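Have a look at the structure below before the remarks.
The values are calculated or read from the model by the stated rules, or taken from the named source; none is laboratory data. Computed from a predicted model, the values in this text were never measured in an experiment. Neighbour counts are summed over all protein chains in view; Cβ atoms, including those assigned to glycine, are modelled from backbone coordinates with ideal geometry.
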């Protein structure tokens, strides 16, 4: 099977992990293919927003394929190849917004991928969990780093240290996801978010995401200065002129991303 990629005329990229026979778990080849797809999303100017999902209705992603990834032998030198095959949740900076459409199991690496998305829709039967400690390993690829950025301290520790799973209602209550809908409506709800984002000025959207993400790592004064400079830069763009013009003329804006 494969990592499927599709781009709509509206600029919505759909990334589908297509390995339903193994709950959309990822082996080395599919991790590499996923890295290539995220690089395409990052670099293709026609992409305004991405939706990531798993094929079928049983799983979003069950994480690493244990039979191949966790049992494979690696050269210690590989540990310092930090730029190789980067992922959305492992070093790759993608400022286009990413919407997750989750059906069924979202476990291990599926959760760490979810952490790297911006808006999340889940089915009523979705299940979330970081079970790595039950296997003698840790939630890598941002698992331990992003848990505390996505959840309150005690909730994050519960997920990390027990390895237990939570259902969609609990994930919504904890603030891990935005919305819970019937399984048949997951992609529709995710695409609705994507369409609303894609209709906005792409440079302003990407700038907003980058500033919000970087605010987690800088002090307020520095962050506000960054915000001021980027705001001033955006005012010189064609889109910043198109937005007010469309408002005055009572029409939908035609943003070009320049």
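Screening residue 148 with (1) touching a helix residue (DSSP H, G or I) at 6+ places or on another chain (Cβ under 7 Å); (2) touching a residue at least 12 places away in the same chain (Cβ under 8 Å) gives one miss only, at (2). Counting only helices (runs of 4 or more DSSP H) wholly contained in region 190-250, the ones carrying 1 or more residues that are exposed (fewer than 12 other Cβ atoms within 10 Å of the Cβ) occupy 220-234, 238-248.
A residue that is under 21 Å from residue 9 (Cβ atoms) and under 25 Å from the mean Cα position of the chain (by Cα) can be found somewhere in region 176-188.
Regarding region 27-44, can at least one residue be identified that is over 15 Å from the mean Cα position of the chain (by Cα), in a loop (DSSP other than H, G, I, E, B), modelled with pLDDT under 90 and within 19 Å of residue 115 (Cα to Cα)? No, every residue in region 27-44 fails to be over 15 Å from the mean Cα position of the chain (by Cα), in a loop (DSSP other than H, G, I, E, B), modelled with pLDDT under 90 and within 19 Å of residue 115 (Cα to Cα).
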